[in-house]
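Structure first, then comments.
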Amino acid sequence: MRNIMLKRTIKLFLFVLVSLGCLAVVKVQANAGELKMHTIYVGHGDCILLESKGHYMLVDSGESSAKDTILNYLENHVVGDTIDYVVATHADKDHIGSFPAIFKKYEIKNIVYSEPMKPYYNPDTGKESHYGKFMDAVNEEEGLVHSNPYEGQTWTFGDASVKVIFDGRQGTTYNESSIVTKVTCDNKSILMTGDLPTTMEEKLMAKKYNMKADILKVGHHGAAASTCADFLDYVKPAYAVIPNGYTEEGTYFPRDSVLQRLALRFIKTYLATEGDIVMNIKNGIISTTHKENKKFQCISRGQIVVIGDKFYASNTIGKKVTPKIHVYANGELIPASQYKVTYKDATHTGVATIKVTGTKEKYVGTLNTTFNLLPRLSKLLKWSRSKNKKKFKLQWSAQNYASGYTIWYSSDKNMVKDSHKITIKGGKHNTKTLKGLKKKKKKYYIKIQAFTNGIGKGKWTTKKCIK
């Protein structure tokens, strides 16, 4: 009886334990982090809304001409009339222009902004500057907590945490003073750099700032003087978001050089000109329905198919062997006009290299492959038999890169009976005296073949008759 009760008790205990475990898993999943990054298309300018569990942070606000676009977007995506944090990365009008209109409609709890770099009034016109209007709007808001950030400052909203990587104080220009923030949720992070130029990117890298991130908001709308190659290698993003458009002067961003840098590193890139971008972070997974920009594609993970089975070094000394190739990227055949081909070590036996380089019209990067180059056809230059008929002397063309030669001789015209093969080591050797021939054999037939260790054998020479 006791054994039966004990077994029932154990079963009940195990059932409860498993049930609690299941509840724990459900609880962890229910509390998993969630963050949305909305990059709103405002023409040439930045405006990014970050959303997490009913809390919001707005980074920049485009130009004043974009205020209706931004307000309409916020109305459709912000629940209520409160925005927890506002970040004004720097004082350029295409980053702070619409804030006064936003402040009138929404209650802002906290705002951080770059230190003043511009005057309140335009010295040329005497009119209030965009920065002046922005600061007036800040000062008019009662109870608004506003300040310049400091490096290492942190705050949270919803499931997300924010850290100020660079506060802009070391900058000497408007763009160099851009605030850099890193937003993290569920071990995934977003780095936002305002209009930070390469001059400041290099300084931050030199100081070992922690800027590793999964998503990069590309600096200065994709201008060529931002988002340098070293910076991309430092941050190592998997995704890049570019708030881009045309400037007042008609210049279009992003520049091709920036898109090429991103493509070379297989960074998935999204442009705001192709529609508002929403990046989702949920349960540690990043996703988006936005169409990836593929103006440029990298071939470095592609494939080169060499047409042909065997290749022999050319009999013309110094002439390269250049087999035809097909190049594939992402499973698609690339037109030959989209890449350049160079051949290395293709004039002699050994391992030759084919290098394919994208022309940057559509394809960027390089791709290499190799092929074995067999020894060229050797030439028998001289052959003679001694007077006593017991030996003969051979001379052939040397191949310095070959490992050696095989000499095949026989008194049988068909090279079957009385057949012998000997090996000569060293490609520079080009003479040999064969002894022990049978005097009664009136004719001997001979061929020679070069070989290269690890590569293969060349072709046999034409059979020669020695009397």
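Values in this text are rule-based calculations from the coordinates and carry no lab data. Quick caveat: nothing in here was measured; it's all calculated off a predicted structure. Note: ideal-geometry Cβ built from the backbone for every residue, glycine included; neighbour counts use all protein chains shown.
Annotation: the residues Leu259, Leu333, sorted from fewest to most other C-beta atoms within 10 Å of their own C-beta, follow the order Leu333, Leu259.
If R0 is taken as 45 Å, the Cβ-Cβ distance between Lys291 and Asn139 corresponds to a FRET efficiency of 0.60. When Rg and the Kirkwood Rh are both derived from Cα coordinates, the Rg/Rh ratio for region 230-291 amounts to 1.00.
Computed about its Cα centre, the charge dipole of region 303-373 is approximately 200 debye, with only Lys, Arg, Asp and Glu carrying charge at their Cβ.
The mean sequence distance of close C-alpha pairs (under 8 Å, at least 6 residues apart), as a share of the length of region 333-442, puts its relative contact order at 19 percent.
Computed over the chain, the per-residue total of -39500 (n - 2.57) for DSSP H runs of n ≥ 4 gives a 222 nm mean residue ellipticity of -5500 deg cm²/dmol, rounded to 500.
Its residue count N fixes a reference of 2.2 N^0.38 Å for region 163-232, and the Cα radius of gyration divided by that reference is 1.01. Taking a ≥ b ≥ c as the square roots of the eigenvalues of the Cα gyration tensor, region 33-295 is classed as rounded, since a/c falls below 1.5. Net charge dipole, the chain: roughly 9400 debye, given to the nearest 20, about the Cα centre with Cβ charges of +1 for Lys and Arg and -1 for Asp and Glu.
For region 33-295, the relative contact order is 18 percent, taking Cα pairs closer than 8 Å that sit 6 or more residues apart in sequence and dividing their mean separation by the residue count. Taking one quarter of the surface of the convex hull spanned by the alpha-carbon atoms of the chain gives a direction-averaged projected area of 42.2 nm².
Once every Cα of region 205-354 carries one equal point scatterer and solvent is ignored, give the base-10 log of I(q)/I(0) from the Debye formula at q = 0.09, 0.14, 0.19 Å⁻¹, two decimals. So the normalised log intensities work out to -0.45, -0.82, -1.14.
Note on region 303-373: Rg/Rh from Cα positions, Kirkwood definition for Rh, rounded to two decimals, is 1.00.
How large is the dipole of region 380-466 about the Cα centre if only Lys and Arg carry +1 and Asp and Glu carry -1, each at its Cβ, rounded to the nearest 20 debye?
Its charge dipole is roughly 680 debye.
Below 11 angstrom from the Cβ of Ala240, what's the summed charge of the other residues (Lys, Arg +1; Asp, Glu -1)? Counting the neighbours of Ala240, the net charge comes to +2. The ranking of Tyr409, Tyr246, Tyr106 from fewest to most other beta carbons within 10 Å of each one's beta carbon is Tyr246, Tyr106, Tyr409. Cβ-to-Cβ counts within 10 Å put Phe134, Phe451 in ascending order as Phe451, Phe134, the fewest first. Taking all Cα pairs closer than 8 Å and separated by 6 or more residues, the relative contact order of the chain comes to 9 percent. When all alpha carbon pairs of region 69-205 are counted in 5 Å bins from zero, the resulting P(r) reads 2, 9, 18, 20, 22, 16, 8, 3, 1, 0 %. Converting phi to 3J(HN,Hα) with the Karplus coefficients 6.51, -1.76 and 1.60 and the offset θ = phi - 60°, region 76-84 yields 7, 10, 9, 7, x, 10, 10, 10, 5 Hz in sequence order, with x at every glycine or proline.
For the pair region 411-467 and region 99-113, the centres of their Cα atoms are 92 angstrom apart. Comparing Gly427, Ser386, Ala229 along the charge dipole axis of the chain, the residue lying farthest to the positive side is Ser386, per the Cβ-charge model.
Backbone phi angles across region 275-289, fed through the Karplus curve with coefficients 6.51, -1.76 and 1.60 (θ = phi - 60°), yield HN-Hα couplings of x, 3, 9, 10, 9, 9, 10, 8, 6, x, 10, 9, 8, 7, 9 Hz in residue order; Gly and Pro are listed as x. In this structure the amide hydrogen of Thr322, modeled in the peptide plane, comes within under 5 Å of no amide hydrogen from residues 5 or more places off or on another chain. Entry note: region 411-467 has Rg to Rh equal to 0.99, where both radii use alpha-carbon atoms and Rh is the Kirkwood radius. Per-residue Karplus couplings for region 52-64, computed as 6.51 cos²θ - 1.76 cosθ + 1.60 with θ equal to phi - 60°, are listed in order as 8, 6, x, 10, 9, 9, 10, 10, 6, 8, x, 7, 4 Hz, Gly and Pro entered as x.
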